[in-house]
Amino acid sequence: MLRVSKILLSAVLALTFSPSMAGAQSISPLDNAPLDSGWQIDPHGMRHYTGLVCRDRLGMLTRVKVLPGGMDTIAGCIYATPQGLYAVLRSHEKGASAAVAANFAKRFSDVGFERVKTSGAAASGLTFSTGERETGTRCETLWRFTGNERDYTLWMAYTLPVQESEIGPIVAAIIEEIAKRD
């Protein structure tokens with residue numbers, strides 16, 4: 001009886017952990033199978049088949065998600081800081097970032113957000129005030145960058161003046177990463 005139980009247990013374990021099982025091969029290495037389109041694991045993060053690399057860590061940022069392409073994007077990734085500042089990097093077809101920026105500006109203006117003048121790194125993007133908080137003015141900025149092979153946009157939401165010192169290093173880290181890859 002004990003011998004039969006051992007054989008049965010061995011057979012169950014072999015079938016359960018066999019890599020040739022169809023179910024085992026369909027498991028995605030990423031967190032969200034519907035969003036896996038074109039993404040693969042890279043030694044330093046995730047790489048999209050188009051060449052966009054979303055490192056696990058980029059300066060003070062930690063990648064929290066990869067994004068599929070959309071109507072005006074090829075792929076993208078979301079980063080966050082421990083202080084709650086979020087940055088979304090997206091790649092676009094060459095020449096498309098101007099239209100993306102114009103659409104961003106139109107949408108924000110249409111809903112009543114005011115465009116604001118900023119200083120430092122934020123001054124080179126399109127910045128809108130989206131409300132007031134106890135700690136300052138909540139802003140959203142979209143920067144656009146042109147690479148050799150594609151365009152990029154970076155969107156960030158932050159509070160001025162408390163997070164102002166974090167913006168420059170983040171934008172610089174993104175620009176440096178784009179320059180390495182494109």
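Values quoted throughout were computed directly from the atomic coordinates according to the rules given, and no laboratory measurement underlies them. All of these numbers come straight from a predicted model, not from anything done at the bench. Reconstructed Cβ throughout: ideal geometry from the backbone, glycine too, with neighbour counts over all protein chains shown.
Shown is the FRET efficiency for K180 and A98, computed with R0 = 30 Å from the Cβ-Cβ distance and rounded to the nearest 0.05: 0.80. Full extension of the chain segment joining T146 with S165 gains 4.4 nm, where the gain is 0.36 nm per residue of separation less the Cα-Cα distance.
Listed from fewest to most Cβ neighbours within 10 Å, the set D56, D110, D182 follows the order D110, D56, D182.
Footprinting exposure proxy ranking of S91, S119, S129, S97, fewest other C-beta atoms within 10 angstrom first, gives S119, S129, S97, S91.
Need one word for the stretch 95-154: rounded, prolate or oblate. Basis is the Cα gyration tensor (sqrt eigenvalues a ≥ b ≥ c); a/c below 1.5 gives rounded, then a/b vs b/c decides. Verdict is oblate for the stretch 95-154.
Using a Förster distance of 22 Å, how high is the FRET efficiency between T50 and S124, based on the Cβ-Cβ distance and rounded to 0.05? After rounding to 0.05, the efficiency reads 0.30.
When a/c is below 1.5 the answer is rounded, else prolate if a/b is larger than b/c, else oblate, so apply that to the stretch 115-181 with a ≥ b ≥ c taken from the square roots of the Cα gyration tensor eigenvalues. In terms of gyration-tensor shape, prolate.
Annotation: average projected area of the stretch 33-181 is 8.9 square nanometres, based on the convex hull of Cα atoms across all directions.
Extension gain for R133-Q83 works out to 16.4 nm (0.36 nm per residue, less the C-alpha to C-alpha distance).
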